[in-house]
């Protein structure tokens, strides 16, 4: 038993999340605006859909972690609930990039204020009863899973480079 | 401070790894042998290369965690060191699938015997001195990163379905 282990677990999970944010930042740096409108593979999602999808899913952590009101709830329907519509009038790439940056700034700052006990507490979509049955439904687990989710889509976005 | 937190951190990291193994199992279930020889996107890696790559990278955990000799070290050069060679004589898909299953069986069993302290100890590629400077170079962190690495490539393999 070691008090450091739990702190380490939190810190390395946050670091992994940051490292995949940096990988997306590097892709954003490289792609021209026009490239975001290309399909990542024939008949597959375009870059713009994946970017909006990642913002909307990560934005969901604001609510799941009880950090306040979601910033970009309007992205949930077009980029999560609905599959990609290649005729849809999505927000511009410039707008999405700016939201991506603002969201990460907000989350990084909020995460840095969370204690170890906060990270291992229930996320807001689980009842107290269910959490007692399965304490893995905690915030740290959500962040770890969001990181893998982001890695999954970065594996696709990389095909635009 | 809570003794359970560190146990939870270990358990949920193993669970996340297993869940991405299951996602690859589901892809293996669905694809015909011939499909593995298709490119995941034009001029990108074929399914067979990604499958061999995931086996080789995951196999590396045997050595990194001090669990014995790697089982499939011969896959390192063709599937990790070298980029894909579309003329290469790779092992058959049936052989790779069987190795994938055996490797996961071995790792699952070995992981289940590791203690919390084992998970937070240094992996074998870091010196004692460097580990002291950065205790995040532990085995649990390697497993978490391997899971995201696998998610990244599963995002690509899914394009074969």
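Data overview
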read-out: Point-to-point label distance, residue B:43-residue A:95, nm (Cα→Cβ direction, 7 Å offset); value: 3.3 nm
read-out: Number of partner chain Cβ atoms within 10 Å, mean per residue of A:12-24; value: 3
read-out: Per-copy distances of the residue B:22 label point, shortest first, in nm (7 angstrom along Cα→Cβ); value: 3.2
read-out: Debye log10 I(q)/I(0) at q = 0.17, 0.19 Å⁻¹ for the range B:42-148, Cα point scatterers; value: -0.84, -0.98
read-out: Fewest-first ranking of A:111, A:79, using other Cβ atoms within 10 Å as the exposure measure; value: A:111, A:79
read-out: Cβ-vector label at 7 Å, residue B:95, separations to other copies in nm; value: 5.4
read-out: Residue order, fewest to most beta carbons within 10 Å, for B:7, A:147, A:124, A:40; value: A:124, B:7, A:40, A:147
read-out: B:108, B:6, B:29 arranged by Cβ crowding within 10 Å, fewest neighbours leading; value: B:29, B:108, B:6
read-out: Position residue A:83, label points 7 Å along Cα→Cβ, spacing to each other copy in nm (shortest first, one decimal); value: 3.3
read-out: Prolate/oblate/rounded call for the protein assembly as shown, Cα gyration tensor, a/c under 1.5 rounded; value: oblate
read-out: Relative contact order computed over chain A (Cα-Cα under 8 Å; 6+ residues apart), in percent; value: 35 percent
read-out: Rounded Å value of the spacing that divides the Cα centres of the range A:97-161 and the range B:24-75; value: 28 Å
read-out: 0 to 90° range, to nearest 10: angle between helix A:3-30 axis and chain A longest Cα axis; value: 10 degrees
read-out: The range B:1-40: C-alpha gyration tensor shape, a/c 1.5 cut-off, then a/b vs b/c; value: prolate
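Only the coordinates and a few stated rules stand behind these numbers; no lab work does. Here the structure is a predicted model, which is why all the values come from computation and not from measurement. Note that we place each Cβ from the backbone using ideal geometry, even for glycine, and neighbour counts take in every protein chain shown.
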